[in-house]
């Protein structure tokens, strides 16, 4: 399988997200900000839930490694 990116790379594409936010909104924002395929694949692996802030996203991504 492909490599997944670290949370810092992902957060670069989530600037301006208005938390709390759903997984779908995170993906939409990342696409709009020009995220590459690895970043989008990483976000797609997130559980379907509401994220209260960037730390919640980072915490979930940290579980992938």
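The table below gives the values:
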| item | result |
| --- | --- |
| Single condition residue 48 does not satisfy, out of (1) surrounded by 12 or more Cβ atoms within 10 Å (Cβ to Cβ); (2) touching a strand residue (DSSP E or B) at 6+ places or on another chain (Cβ under 8 Å) | (1) |
| Failed item in (1) at positive phi; (2) surrounded by 14 or more Cβ atoms within 10 Å (Cβ to Cβ), with residue 34 passing the rest | (2) |
| Test: residue in the range 2-13 that is in contact with a helix residue (DSSP H, G or I) (Cβ under 8 Å, 6 or more places away or on another chain) and touching a residue at least 60 places away in the same chain (Cβ under 8 Å) | yes |
| One residue from 5, 57 being surrounded by 13 or more Cβ atoms within 10 Å (Cβ to Cβ) and part of a helix (DSSP H, G or I) | 57 |
| Subset tally (residues that are over 9 Å from the mean Cα position of the chain (by Cα) and in a helix (DSSP H, G or I)) for the range 10-28 | 4 |
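Bear in mind that the values in this text are calculations on the coordinates, not laboratory data. Only a predicted model underlies this, so the values are computations on that prediction, with no experimental measurement involved. All Cβ positions, glycine included, derive from the backbone under ideal geometry; neighbour counts span all protein chains shown.
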